[in-house]
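Written out below as structure tokens is the structure these notes cover.
The values are calculated or read from the model by the stated rules, or taken from the named source; none is laboratory data. Quick caveat, the model's predicted, so the values are computed rather than measured. Cβ placement follows ideal geometry from the backbone for every residue including glycine, while neighbour counts extend to all protein chains displayed.
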Amino acid sequence: MPAQGCAHAPCRSVRQAEGARAHLAGHRACTLARRARGRYRSTASCQCADRSRWAGDGCAMPAGYSACMPWPDDARAAFLPLVETIYLDTASNAPRLRAVDTAARAALDGATSPWRLTSEEWEAAIERVRGLGSRLFHADAREDADAVALVPSVAYAMSMVAASWPLAAGERVVMLDAEFPSVLLPWQRRCRQAGAVLATVGRERATADLVALIEHTPVALLVLTESHWRDGRRIDLDQIARAAHARGIPLVLDLSQSLGVLPCDVARWRPAFAMSVTYKWLLGGKGLTLLWAAPEWRERIEPLEGHWQTLAPETSWWFEAGMIPAYRPGARRFDAGEIPDMLRLAVTEAGLRHVLDWSPGAIAGHLDMIIGHLARRLADAGLAAWCITPRSPHLLGLRPDHAAISAVRSALRDNGIVCIERDGVFRVAPHLHVDTAQMDVVANVLIAASHRG
């Protein structure tokens, strides 16, 4: 960590963000202490979260989920205000945290005098992000920096894993239907090269159908996402991982729509690889993705790049033509070149610190309450059939009747409600910048549009 008196702009951004983080962490510590003294209801008796909406299809509630953890009054104040807009598209791009905005501006200022940043400070920033990101893959939030590589995208990570994956002709790779292209395309290519089969499972009964497939059909690999990007449907990775490991089937996970919200536990799921972009639910910016690699798989997959930072020569900056240096420890061998610039590192660190301070379980519980409020308003208006289940706590897909789609689309746009539509499904993806009063506005707009459709 740079000295407190350092005037370099990126260092100033760290100090400025630390004050806000300490304030929010204090709120959370106070909340936990008050719960311990019995001043809040337990989640077992809590009625504030509409659990039935996302616990269907055999899905268990995520470990660490907290349905009624009280929230700091200033959580919304951690985000930049939006004027005449209700932003419900965290699944595409995160709302901007004040700390992220401050860090980005300071990093840009610092780039005007790059000679002030020492290689030691740069390396320390890389390792801070690596360490912070690693904590989100563990249920106990322990640091596991050796397990995480920093790469530019899920497409990069999936392409690297797929290119070296041991796959034989006729073997079957399984994923969900309508998977995101960055997940689908690398495995299409790899299966074509190997003569393997790429099979898909429908989303309507995904957990049950995946378990049945695993139990009755030879499967070489499962490539899965916990929350589906199109409509928010959730699969139960606990059930699926148990069934898969009982038959020796490895898993590769894209957690871009769940990491940072749904508590993650790689110790329980035991994937070969797990990954997530940082510009969605991790509240950072684009161009940096966290890739977690299980120890037993780190030497079985070939890195895509011959990048100097992944290697450990005997003498710094000296690479002999006749000698290939050893890789650096752990998953660092998979690091991509030109990715850890100070701008990306600064905004990623600021976002990760907020997510960890708030904790994924508490975030999931609060967002479940907000989305549950909207779902109940729609159900009370006779529109329960619009809500796609089983949903994730933080994502809700709305499928209006065909006759109402155009009216809903226009009503959302005209009322400043940002909500992405995918194939007639409107994906509701708030974060902590949204409250129940705003969800009431959304409900009123949707109900009115249903009458016009």
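State whether one or more residues within the range 66-85 are among the β-branched types (V, I, T), crowded, with 20+ Cβ neighbours inside 10 Å and at pLDDT 95 or above. No, the range 66-85 contains no residue that is among the β-branched types (V, I, T), crowded, with 20+ Cβ neighbours inside 10 Å and at pLDDT 95 or above.
A single entry from R376, R298 fulfils the requirement of being surrounded by fewer than 24 Cβ atoms within 10 Å (Cβ to Cβ), farther than 30 Å from I86 by Cβ and either of a type in the set (F, W, Y) or modelled with pLDDT of 95 or more (or both): R298.
Per-residue answers, yes or no, for (1) in a helix (DSSP H, G or I); (2) under 25 Å from R268 (Cα atoms); (3) in contact with a strand residue (DSSP E or B) (Cβ under 9 Å, 6 or more places away or on another chain):
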site	(1), (2), (3)
A125	yes, no, no
G131	yes, yes, yes
L150	no, yes, yes
A163	yes, no, no
M175	no, yes, yes
L185	yes, no, no
R190	yes, no, yes
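The numbered conditions (1) in contact (Cβ under 8 Å) with a residue 40 or more places away in the chain; (2) more than 13 Å from V223 (Cα to Cα); (3) touching a Ser or Thr at 6+ places or on another chain (Cβ under 8 Å) are all true for L167 except (3).
None of R427, R409 is charged (D, E, K, R) and crowded, with 20+ Cβ neighbours inside 10 Å except R427. Answer yes or no as to whether R344 is assigned to a helix (DSSP H, G or I), among the basic types (K, R) and touching a helix residue (DSSP H, G or I) at 6+ places or on another chain (Cβ under 7 Å). Judged against the criteria, R344 is not a match. If you go through the range 236-261 and keep only what is closer than 27 Å to L356 by Cα and either at pLDDT below 95 or assigned to a helix (DSSP H, G or I) (or both), you end up with L237, D238, Q239, I240, A241. Does at least one position in the range 277-299 carry a residue that is assigned to a loop (DSSP other than H, G, I, E, B) and among the polar types (S, T, N, Q)? Yes, the range 277-299 contains a residue that is assigned to a loop (DSSP other than H, G, I, E, B) and among the polar types (S, T, N, Q).
Looking at the range 408-424, I want the residues that are more than 11 Å from T85 (Cβ to Cβ) and have a partner that is of a type in the set (S, T, N, Q) with Cβ atoms under 7 Å, at least 6 apart or on another chain. Which pairs are those? Every condition considered, the pairs that remain are I420/S92. Filtering the range 379-416 to residues that are under 27 Å from the mean Cα position of the chain (by Cα), of a type in the set (A, V, I, L, M, F, W, C) and farther than 25 Å from A94 by Cβ leaves only W386.
Filter the range 205-245 down to residues that are surrounded by fewer than 16 Cβ atoms within 10 Å (Cβ to Cβ) and without any contact (Cβ under 8 Å) to a residue 24 or more places away in the chain and give me whichever is farthest from T389 (Cα to Cα). Among them, the one singled out is H216.
Here the range 409-453 is the region considered, the condition is being of a type in the set (D, E) and either modelled with pLDDT of 95 or more or in contact with a helix residue (DSSP H, G or I) (Cβ under 8 Å, 6 or more places away or on another chain) (or both), and the residue that is nearest to A381 (Cα to Cα) is D440. Looking only at the range 382-398, filter to residues that are out of contact with any Ser or Thr (no Cβ under 7 Å at 6 or more places or on another chain) and over 18 Å from Q257 (Cβ atoms); which one of those is surrounded by the most Cβ atoms within 10 Å (Cβ to Cβ)? Out of the qualifying residues, it is W386. Determine, yes or no, whether D209 is closer than 25 Å to L398 by Cβ, modelled with pLDDT of 95 or more and not aromatic (F, W, Y). Answer is yes for this residue.
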